[in-house]
Amino acid sequence: MKRILDAAESLRALDPTSTALARGLRKVIGRGTADRLLRGAWLGHPVHPLLVTLPIGAWVSSVVLDLTGQPEAARRLVTIGLVATPPTVLTGLAEFSGLDRKQRRVGMVHAAANTVAASCFLAANRSSRGAARAWTAAGLLAVSAGGALGGHLSYAQGAGVHRWSTLEPRG
């Protein structure tokens, strides 16, 4: 598993896109109030890791409800996870804008895996129960891969570690 996670750091083909994306995000977000809000200076902690628990928790819990004979409640939880996804992505993009080259490579694969996951859960909510279960299984696999990559970013690469503290308002 470590070799797979480390391999994402070597994907040089992602550099032009990831560099352009980071620069574009930095121009849009800036370094003022929006940046402090999205990256968590007001909280003293990055916001993205807190928000990721919402879609992941909803999606994992939806499986439990479906398996216990509550498919409509499961669909509602999938919807809650989908509604929680845009703010989670927004805070992740704010973090992405401050990453170094190797971290951006992993961040791109992390984002791709989580985009696949969200797409699978969206498809699950629009499918019959049998197909929904297949989409949900694929979504859980993708979100697990995305989570592993997010963990690699944080713990192995130190992405975002103490970077939010530089965004504290000066006074």
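The values are calculated or read from the model by the stated rules, or taken from the named source; none is laboratory data. Only a predicted model underlies this, so the values are computations on that prediction, with no experimental measurement involved. Note that we place each Cβ from the backbone using ideal geometry, even for glycine, and neighbour counts take in every protein chain shown. Side chains are part of the model used for accessible areas, which takes the heavy atoms of the whole protein and leaves out ligands, DNA and RNA. Shrake-Rupley method; radii C 1.70, N 1.55, O 1.52, S 1.80 Å.
Where helices (runs of 4 or more DSSP H) fall entirely within segment 1-81, those with at least 1 residues that are under 17 Å from ALA159 (Cα atoms) are at 2-8, 15-29, 33-39, 48-51. Determine, yes or no, whether ARG105 is surrounded by 15 or more Cβ atoms within 10 Å (Cβ to Cβ), charged (D, E, K, R) and at pLDDT 95 or above. Yes.
Being polar (S, T, N, Q), modelled with pLDDT of 90 or more and over 21 Å from the mean Cα position of the chain (by Cα) is the filter here; which residues of segment 126-171 pass it? Scanning segment 126-171 gives SER127, SER128. If we keep just the residues of segment 121-130 that are part of a helix (DSSP H, G or I) and under 17 Å from LEU65 (Cβ atoms), which is most open to solvent (accessible area, probe 1.4 Å)? So, considering only residues that are part of a helix (DSSP H, G or I) and under 17 Å from LEU65 (Cβ atoms), the one most open to solvent (accessible area, probe 1.4 Å) is ARG129.
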